[in-house]
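The values are calculated or read from the model by the stated rules, or taken from the named source; none is laboratory data. Keep in mind that this is a model prediction, so the values were computed, not measured. Cβ placement follows ideal geometry from the backbone for every residue including glycine, while neighbour counts extend to all protein chains displayed. Note: accessible area is taken over every heavy atom of the protein model, side chains too, but ligands, DNA and RNA are not part of it. Shrake-Rupley method; radii C 1.70, N 1.55, O 1.52, S 1.80 Å.
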Amino acid sequence: MATLPFGWAAIVRLGLVQTALGAVVVLMTSTINRVMVVELALPAIVPGGLVALHYAVQVLRPRWGYGSDRTGRRTPWIVGGMAALALGGFGAAVATALTETHQAAGLALAVLSFLTVGMGAGAAGTSLLVLLATGVEPRRRGAAATIVWVMMIAGFAITAPIAGHFLDPFSGARLVAVSGTVSLLALAVALLAVRGIEPVRGAPDLSADAAPKRPFGEVLARVWAEPDSRRFTIFIFVAMLAYSAQELILEPFAGLVFAMSPGVTTKLAGLQHGGVLAGMLTVAGLTMGIGGPVLGSLKLWTTLGCLGSGAALLGIAGGGLIGADFPLRVPVFALGLFNGIFAVAAIGSMMALAGAGGEAERGTRMGVWGAAQGLAFGAGGFLGTVAVDLARLVTPRAVDAYAGVFAVEAVLFVAAAALALRIAHAPGTQVPRARRAVSAFGTPLSAR
């Protein structure tokens, strides 16, 4: 029997998994990062390298997705991934405390822990998106992407201040206790969120999707050989590279060029994140049917989000060249707005495209795109800072160096927009009524 698509309650439940994931990751990327640099006086490259390692292991996402394709169930991979994530998060705190007295052993454990976190986040995150892709009806994909993204940010926002409160006065033992508590609570929330949410398959499926499973290498080669799938992978990499490259250089730019204090640049970052949220909500509303067949298209918003992000970056670069009187807050908010538009629309399109090869390839496809996103995000922040440092060796003025890097990022966004336009099967959400009856874990009930 066909299963009804996920309702809003089910989408929010899956969003809670993202909240739990964010709660563990934020301690890795902020608290433990700071403790290593400040309290332990380690070079910044140590936590930076560990975070990069966490992103690098995302290359295994296709393999995790393929594993869930073979089993035909996504929930065990979400649960297993969250368990690994919680274990790795706790291990990272233990490693940080251990580094204070036994540096070599502590750093070795930190490497293992960050690898475990990366693998856990990859396994859980990939299968979660596949579960959403198969269970959410097309017109709700933009809204679903917004919900899960915002709930992940909520995991950051809720965990950081609460954990910070219990970490004072700081000690290694407190760090281990707080991290262990967060990891256990996150795992418990994820377990409760996914319990019973994935329908159990009934009678064996005799369709083509039930054919003997092909080896991983063959499936991966098939996915990569498809022009739309390959183009979408390249699009994700280029767009996320441009998206993440500005993250670590925008606040230093505002401080050096516009003489903003740390407090003011922090508020500037908050303004940018507010723009991201506004962009997400805009796409969620318009793709729910308000925008009609044109403004409801995820492909349209993906393209416009990339072009708008590029224009905002050029505005920031030009503002620096104009001088301190330029209203920097305007293009920064615009950058966040268009970043949010592009990000949610791209995730919605990803969910739509995942089913192009049938249920047997959904996880592998989502894994390929998740790997491209993770690698680009990890490389973007690093390359952005390196590009600024190299540019400052060439030009004596800091503003020229930053402007040049922002301009390059803008070009990357334009290139991403061009790729998005060429993805022929990145459908909008306005689909014929006859094709809207969808089994939550099967193919459309009507003929293709």
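In terms of its Cα atoms, the range 48-206 spans 60, 29, 25 Å along the principal axes, sorted from long to short.
Along each principal axis, taking the top coordinate minus the bottom one, the Cα set of the range 327-394 gives 51, 28, 13 Å in descending order.
Need one number for the range 125-201: average projected area of the convex hull over its C-alpha atoms, nm².
Mean orientational projected area (the range 125-201, Cα hull): 6.3 nm².
Amide H to amide H, with H built 1.01 Å from N, Val136 comes under 5 Å of Phe6, counting only residues 5 or more places away or on other chains. Quantify, in whole percent, the carbon and sulfur part of the accessible surface of the chain (1.4 Å probe; protein heavy atoms only). That share works out to 71 percent. Computed 3J(HN,Hα) for the range 226-241, one whole-Hz value per residue from the Karplus formula 6.51 cos²θ - 1.76 cosθ + 1.60 where θ = phi - 60°, is 6, x, 5, 5, 5, 5, 5, 4, 5, 4, 4, 5, 5, 5, 6, 5, glycine and proline marked x. Maximal additional length on extending the Arg73-Glu100 stretch stands at 5.5 nm, based on 0.36 nm per residue less the C-alpha distance. Around the amide H of Met260, modelled in the peptide plane, lie the amide H atoms of Gly255, all under 5 Å away and 5 or more residues distant in sequence or on another chain. Legend: calculated FRET efficiency, Val38 to Arg392, from the Cβ-Cβ distance at R0 = 25 Å, rounded to 0.05, equals 0.45. Surface exposure of the chain, expressed per residue as accessible area with a 1.4 Å probe, stands at 42 Å². Peptides 56-64, 367-375, 317-325, 123-131 ranked from most to least packed, by the mean per-residue count of other Cβ atoms within 10 Å: 123-131, 367-375, 56-64, 317-325. Kirkwood analysis of the chain, using all unique Cα-Cα pairs, places the hydrodynamic radius at 22.6 Å.
Kirkwood radius and radius of gyration were both taken over the C-alpha atoms of the range 87-149, and their ratio Rg/Rh is 1.29. Result for the chain in a Gaussian network model with C-alpha springs under 10 Å: among Gly378, Gly164, Gly88, the largest mean-square fluctuation is at Gly164. Were the residues from Ala221 through Val46 laid out at 0.36 nm apart, the gain over their Cα-Cα distance would be 59.4 nm.
With K and R counted +1 and D and E -1, the other residues having a Cβ less than 12 Å from that of Val35 yield a net charge of 0.
For the options Pro76, Pro161, Pro169, a Gaussian network treatment of the chain with springs between C-alpha atoms closer than 10 Å singles out Pro169 as fluctuating the most.
Maximal additional length on extending the Ala177-Val12 stretch stands at 56.5 nm, based on 0.36 nm per residue less the C-alpha distance.
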